[in-house]
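Read the structure below first, then the notes.
The values are calculated or read from the model by the stated rules, or taken from the named source; none is laboratory data. If you're wondering where the values come from, they're calculated on a predicted model, not measured in any experiment. Here the Cβ positions follow ideal geometry from the backbone for every residue, glycine too, while neighbour counts run over all protein chains shown. Heavy atoms of the whole protein, side chains included, go into the accessibility calculation; ligands, DNA and RNA do not. Shrake-Rupley method; radii C 1.70, N 1.55, O 1.52, S 1.80 Å.
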Amino acid sequence: MKTIKPVERFEGEFDLPGDKSITHRAIMLNGGAEGEAVITNALMGGDCLSTCQCMRALGAEIEIDGTTLRVRGTPHFRTGVNLNCGNSGTTMRLLIGFAAGKGIEAKLVGDESLSSRPMERVALPLSHLGADVRTSAGRAPVYVYPAPLHGADVTLRVASAQVKSAVLLAGLSADGETRVTEPQKSRDHTERMLSAMGADISVDGLTVRVKKSRLKAADVCVPADISSAAYFMALGALKGKTLSKNVGLNPTRTGILRAFDKLGVKYTALNRRLSGGEETADILVEKSPLRGIALTAEEIPAMIDELPLIALLCAFADGESRISGARELRLKESDRIRTTSEMIAALGGICIETEDGFVIRGRKTLPGGNVESYLDHRIAMTAAVGLMASERGGNIDKPECCAISFPGFFELLEQ
């Protein structure tokens, strides 16, 4: 149980952890590349540690010194291995494609939460390349067996960076060309990193093409995760003024800023620069009167991780908000449509669950209360923001789940 007290004003400058999505990919891709790479400002939360453990189990050498990693790829991967992905859906889904591409026989398992999440959505598109991937009634454990791969056209029904990445990683070892087409563009960290590591890859609108390639290790300086910065930016909008430093501004990840535009949040991107092929900036956010918004399916992929937080901001806004086309939220660490609605209700707000999103009736202020984390890091951190901005504060049950993506979140929040 964590007690959160309300604050009159919240302001400060924040150095935030590295981007989780980029850290995962930097570890995995360098673990499968020729040579040695140094990864700096890596996010060493539970999820990325799961990726490290799995890559070590396959034979990669990984040295960890705080937030700096030294990764040496291996030319001979171990096979017939059990890979424990913990709570990390990114680790499991990307590793399925990685193992299929490398001809590795593996059993991929996870904790109770991960074992409830759908994996057939990865196995099915990989089967078009000839991969032999078998799920357990659509979920983990997942079994990968060696099979010859061939290029194929893969069309995804739902925009998913994890599924797209799994197919691309397998396509690196397939004969011919593999093409992946999405209904909307999802985050493109995999494409950017593969290109930097020498892969034969190109992007044409919503289609990514990849041919058989050998990767060369590449150093990566990981920018701060905009998903982590979002909680501090939200507190700036609700309660004062915050500067989040060195935040990644990959265009497939800045949906939160487009949501800010609609909500009326006052923010400025300062000191824009490039870091490892990814644009970064310092984001200044000031207290802002918020208004109700509408978000639809086309906008959702670029802000999927921030939707619980966006819904919370809508609860503090003036007017009604509608978020639709977000069915993907039901497949996260918790059913985030249900848990977000219940979290906002526990804070004293009005959030009505729909089949694929929410209807939120803004109240400008929330009284606070006792909130369940549902062992979901996004729900717990969003609840912390809501309680600090509330009238009376309250408690969060099982807040330790935040360490999955943001170790030290509460310590930084309370500074």
Debye intensity ratio I(q)/I(0), log10, the stretch 127-256, q values 0.12, 0.19, 0.21 Å⁻¹ (C-alpha model): -0.59, -1.10, -1.22
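Between residue 202 and residue 353, how high is the FRET efficiency from 1/(1 + (r/R0)^6) when r is the Cβ-Cβ distance and R₀ = 51 Å? Nearest 0.05.
0.80
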Set of the stretch 224-249 residues, backbone N closer than 13 Å to the point 7 Å along the Cα-Cβ line of residue 270: 241-247
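Taking only protein heavy atoms into account and a 1.4 Å probe, give the accessible area per residue of the stretch 203-263 in Å².
32 Å²
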Normalised contact order of the chain, rounded percent, pairs of Cα under 8 Å and 6 or more residues apart: 16 percent
Mean accessible surface per residue for the stretch 1-106, computed with a 1.4 Å probe while every protein chain stays in place, in Å²: 38 Å²
Under the Debye formula (equal points on every Cα, no solvent term), log10 I(q)/I(0) of the stretch 204-249 at q = 0.16, 0.26, 0.29, 0.33 Å⁻¹: -0.68, -0.93, -1.01, -1.11
Residues with amide H under 5 Å from that of residue 132, placed H, sequence gap 5 or more: 145, 147
Under-5 Å amide H pairs with residue 139, H placed in peptide plane, nonlocal only: 119
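Please compute, over every Cα-Cα pair in the chain, the percentage with a separation greater than 27 angstrom.
48 percent
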Full-extension gain in nm, residue 81 to residue 345, via 0.36 nm per residue minus C-alpha separation: 90.6 nm
Exposure of residue 181 as accessible area (Å², to 10), given a probe of 1.4 Å and all protein chains: 40 Å²
Convex hull per residue volume in Å³, alpha carbons only, for the stretch 1-95: 122 Å³
Largest to smallest accessible area among 410, 232 [probe 1.4 Å]: 410, 232
Simple label model, 7 Å out from Cα along Cβ direction - residue 398 to residue 261, nm: 3.8 nm
Residues residue 40 and residue 291, FRET efficiency given R0 of 51 Å [Cβ-Cβ distance, rounded to 0.05]: 0.80
Rounded to 5, percent antiparallel among DSSP beta bridges of the chain: 70 percent
Pairwise FRET efficiency - residue 411 versus residue 361, Cβ, R0 = 51 Å, nearest 0.05: 0.90
Cross-link partners of residue 245 among aspartates and glutamates (Cα-Cα below 19 Å; sequence separation of 8 or more within a chain): 11, 13, 15, 19, 225, 278, 279, 282, 286, 306, 411, 414
Pair residue 1, residue 74: separation of 7 Å Cα→Cβ label points (nm): 4.7 nm
Carbon and sulfur %, accessible surface of the chain computed with the full protein complex present, 1.4 Å: 48 percent
Which listed pairs, of 266/398; 20/398; 102/398; 216/398; 5/185, have C-alpha distances above 31 Å, in listed order: 266/398; 102/398; 216/398; 5/185
Three principal axis lengths of the stretch 271-390 [C-alpha, angstrom, descending]: 41, 32, 28
Residue-level accessible surface for residue 116, protein heavy atoms, 1.4 Å, Å²: 60 Å²
In sequence order, calculated HN-Hα J values of the stretch 352-367 (Karplus, 6.51, -1.76, 1.60; Hz; x Gly/Pro): 9, 6, 10, 4, 10, x, 9, 10, 10, 9, x, 10, 6, 8, 10, x
Under Karplus coefficients 6.51, -1.76 and 1.60, residue-wise ³J(HN,Hα) of the stretch 328-333 in Hz, glycine/proline x: 4, 4, 6, 10, 8, 4
In nm, spacing of pseudo-spin labels at residue 116 and residue 15 (7 Å Cα→C-beta vector): 3.8 nm
